[in-house]
Ligand SMILES: [Zn+2]
C-alpha cells in the first residue's frame, strides 16, 4: 500500500507503466480509475487512463515486487 504511493509521487501514471516499473502483470480490473477519461501519463507521456488506486487483488500482485531501475 505504501509502495503504491511511491509510484505516484511524480504524478499519476498508467497501468502499462506500473507493470513495467514493477515487472508486474496488473490487469485492468486490478486497478482503480477515478476518472473515466484518459489523461497524460506522467511517465510515458501518452494519453491513457490513469491509475489512481489498486484493488485488493492488485495490491496482492505487487507484494514483494520492487521498482525495477531503468
Ligand atoms: Zn504511462
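The values are calculated or read from the model by the stated rules, or taken from the named source; none is laboratory data. The structure displayed is predicted, hence computed values, not measured ones. All Cβ positions, even for glycine, are placed from backbone atoms using ideal geometry, and neighbour counts span all protein chains on display.
A few notes on this one:
- Which numbered condition residue 8 misses (of (1) at pLDDT 90 or above; (2) under 10 Å from the mean Cα position of the chain (by Cα)): (1)
- Residues of segment 36-62 that are touching a residue at least 12 places away in the same chain (Cβ under 8 Å), within 13 Å of the ligand (Cβ to nearest atom) and assigned to a strand (DSSP E or B): 39, 48, 50.
- Among the numbered conditions (1) part of a helix (DSSP H, G or I); (2) within 15 Å of the ligand (Cβ to nearest atom); (3) loosely packed, with under 13 Cβ neighbours inside 10 Å, the only one that residue 19 does not meet is (3).
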